[in-house]
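> Have a look at this one.
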Amino acid sequence: MSAAVQVIDGELDRLEGLWSDGLSDSYRVYLESVDGFEPDVQPRLALAAALIEVGVRLQGLGGGAAAPTTLLMGDLCLARGSRLLADHAPLAVQVAFARAIEVVAAAAAAQQPAPATRQLLQQSLGAAN
């Protein structure tokens, strides 16, 4: 079993269903955006970005209100993604992710069109460069 698979398996407790519901696709996209980081950190940062993207989507930011259980799954995704960033990302990347989430949440609160979350998060991964 590869290190990346071990990282993913360890972080998906209670979120396994999301893997086949788009999380795996998001992970693969972000994996292409983390090549500037150390190899052992890359899967963790890609997973953090994917979890945050899915968490934002589950929370219904920029769309209708989420059901309570869906909202809690979104919270869990955001919490796990944030912890992965706190444990493995440089401070500049952590701050960039926080700002990206703030931009998306502020747009939703103002009932404005939400910016492209994936693009904001990919830019956030480049904040350390």
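The values are calculated or read from the model by the stated rules, or taken from the named source; none is laboratory data. Fair warning: this is a prediction, and the values are worked out from it, not measured in the lab. Cβ: placed from backbone, ideal geometry, glycine included. Neighbour counts: every protein chain shown. Side chains included, ligands, DNA and RNA excluded: accessible areas come from the protein's heavy atoms. Shrake-Rupley method; radii C 1.70, N 1.55, O 1.52, S 1.80 Å.
> State, to one decimal in nm, how far the label point of residue 106 lies from the label point of residue 91, with both points 7 Å from Cα in the Cβ direction.
Computed distance between label sites residue 106 and residue 91 equals 2.2 nm.
> Still on this structure, I have one more. Gain in length, residue 98 to residue 69, computed as 0.36 nm per residue apart minus the alpha-carbon separation, to one decimal in nm?
So the chain would gain 8.1 nm between residue 98 and residue 69.
> Give me the percent relative contact order of the chain, please, defined on Cα pairs under 8 angstrom at least 6 residues apart.
The normalised contact order for the chain reaches 24 percent.
> Hey, can you list the DSSP H helices of the chain whose Cα span along the axis is 15 Å or longer and whose average Kyte-Doolittle score is at least 1.6?
Helix filter hits for the chain: 91-109.
> In the chain, with Lys and Arg counted as +1 and Asp and Glu as -1 at Cβ, which of these residues, 41, 66, 90, has the Cα nearest the positive end of the dipole, that is, farthest along it?
66
> Another question, then. With a 1.4 Å probe and every protein chain left in place, work out the accessible area per residue of the chain in Å², rounded to a whole number. It would help to have the intermediate numbers written out before the result.
Details: 6810 Å² over 129 residues.
So the chain comes to 53 Å² accessible per residue, rounded to a whole number.
> Taking the structure as given and computing Rg and Dmax of the Cα atoms in Å, which label from (i) 54.4, 179; (ii) 15.8, 46; (iii) 13.8, 46 fits?
The value computed from this structure is option (iii).
> Here's something else I'd like to know. Treating the beta-carbon of each Lys and Arg as +1 and of each Asp and Glu as -1, no other charges, what is the dipole magnitude of the chain about its Cα centre, to the nearest 20 debye?
360 debye
> Can you give me the % of accessible surface on region 71-117 that is carbon or sulfur? Probe 1.4 Å, all protein chains present, nothing else counted.
For region 71-117, the apolar C and S fraction of the accessible surface comes to 63 percent.
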